[in-house]
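Below you'll find the structure, written out as structure tokens, and then a few comments.
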Amino acid sequence: MPRKKRGGIQKVYNFYAKTQHDVVPCCLRRGKLPTKVLRALQKAVKPTMDSWQLPSSVALNDFGVPDKFLANGIVARDCGGDLCWLRNSEVPKGKVSAGPYRKLGPAEVRSVVDELLENNPEMLEKVEKLMDATHSSAKGPVPAFAARQAKDAIFPYMCLQRRWPHQNAPPLPEHPDDDANATGSNDDGSGSDAADAKTAKTAMKAGHVEAGIPWHVDGGPSICFMALTLEGTRTVEIETVDNETGATKTKRFTFRPGDWYWSSPSCFWHRVSSICKGKSGGAVSTTLLLRSAILMRRISGGRITATGRKTNGMKYATKECFCKLAPAFADIIKNTKLLW
């Protein structure tokens, strides 16, 4: 008999978040890649990684600043770089939250994502029910999805992201451990991530340094988003909000090689950091990011300025549609155990 597909132990964290004006329910699902899948991805991207040099400058890639390209089409960004690939030819090319996305990615990488979608028809069926959504514009209603089928709209934008430590990186900030609020789909229902805060504190005491991306809210294509850590250690801090009192908390997750998470970072403020031993400049982290062809006109949800002010982002007229799709995707992520 064929071996039954399994997704392994997956943990689910449900919370509310606020971008600038909109409070929406959110969900983050996390798990571990099968060893075979992790090794296949690492092998597929190794030639690119071997030729990827430490950038000579920090490029924050703020709006209005031209992209600085490194070798092989890599875009310098946040003391590292992004190499962006398309998974299919059914979606628009160009800037999509990051980018530019112009060429198909390596066949081995595309096949891993294709197989993920093939193994999860239940998830695609749920997405299909949302694909008649539209948002307003000066020219009338615009489809929220930029592809005709869910299998093409979900995760067509693949970004290989690498980050090095900043020269004068600030220490990792301490935050209270909020793991009591997490729920999991593992057998005992605990879903606790209590080791995450301890990991960050240990790293700080050991003199490790941090490569960080400023606090921000992603654009619309990250309403269905996945990150797969291939190398190094990454922490993701998210800002949650109490739906009744409006009080905010910061929750930290730690991801190591083989870890993945599926969420909607277009719905919440967050910051991503990489931890590295020492200051000599080895690669801090390598991650494969997957974004979707959804709400393409919602370019950004916001970013923290140098003065600490939260911007409103560049959302155009997507507010009403966004507020409908955000809880729908939170529900899909919450109730769909992924099979690899």
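Here are the numbers for the structure shown:
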{"quantity": "Unmet requirement for V112, which otherwise passes all of (1) in contact (Cβ under 8 Å) with a residue 60 or more places away in the chain; (2) crowded, with 19+ Cβ neighbours inside 10 Å; (3) in contact with a strand residue (DSSP E or B) (Cβ under 8 Å, 6 or more places away or on another chain)", "calculated": "(3)"}
{"quantity": "Of residues in the range 211-220 being open to solvent by less than 10 Å² (accessible area, probe 1.4 Å) and part of a strand (DSSP E or B), the one modelled with the highest pLDDT", "calculated": "V217"}
{"quantity": "Scan of the range 12-51 for residues that are part of a helix (DSSP H, G or I) and free of Cβ contacts under 8 Å to residues at least 24 places away in the same chain, ordered by number", "calculated": "K36, R39, K46, P47, D50"}
{"quantity": "Qualifying residue in the range 60-77 (condition: open to solvent by less than 10 Å² (accessible area, probe 1.4 Å) and in contact with a Lys or Arg (Cβ under 8 Å, 6 or more places away or on another chain))", "calculated": "yes"}
{"quantity": "Within the range 255-278, considering residues that are at negative phi and of a type in the set (G, A, S), the one modelled with the lowest pLDDT", "calculated": "S274"}
{"quantity": "Residue within the range 129-148 that is surrounded by 20 or more Cβ atoms within 10 Å (Cβ to Cβ) and in a helix (DSSP H, G or I) present", "calculated": "no"}
{"quantity": "Number of positions in the range 93-109 that are within 19 Å of R297 (Cβ to Cβ) and either open to solvent by less than 60 Å² (accessible area, probe 1.4 Å) or at pLDDT below 90 (or both)", "calculated": "8"}
{"quantity": "Of residues in the range 68-127 being β-branched (V, I, T) and in a loop (DSSP other than H, G, I, E, B), the one nearest to K36 (Cα to Cα)", "calculated": "I74"}
{"quantity": "Subset of the range 279-336 (residues that are open to solvent by 10 Å² or more (accessible area, probe 1.4 Å), at pLDDT 75 or above and among the polar types (S, T, N, Q))", "calculated": "N335"}
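Results for (1) surrounded by fewer than 21 Cβ atoms within 10 Å (Cβ to Cβ); (2) in a strand (DSSP E or B); (3) out of contact with any Lys or Arg (no Cβ under 8 Å at 6 or more places or on another chain), shown as yes or no for each residue.
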position: S222; (1), (2), (3): no, no, no
position: L230; (1), (2), (3): no, yes, yes
position: T235; (1), (2), (3): no, yes, no
position: I238; (1), (2), (3): no, yes, no
position: T245; (1), (2), (3): yes, no, yes
position: T250; (1), (2), (3): yes, yes, yes
position: F253; (1), (2), (3): no, yes, no
position: P257; (1), (2), (3): yes, no, yes
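The values are calculated or read from the model by the stated rules, or taken from the named source; none is laboratory data. Here the structure is a predicted model, which is why all the values come from computation and not from measurement. As a convention, Cβ positions derive from the backbone with ideal geometry for all residues, glycine included, and neighbour counts pool all protein chains shown. These accessible areas exclude ligands, DNA and RNA; they are computed on the full protein's heavy atoms, side chains included. Shrake-Rupley method; radii C 1.70, N 1.55, O 1.52, S 1.80 Å.
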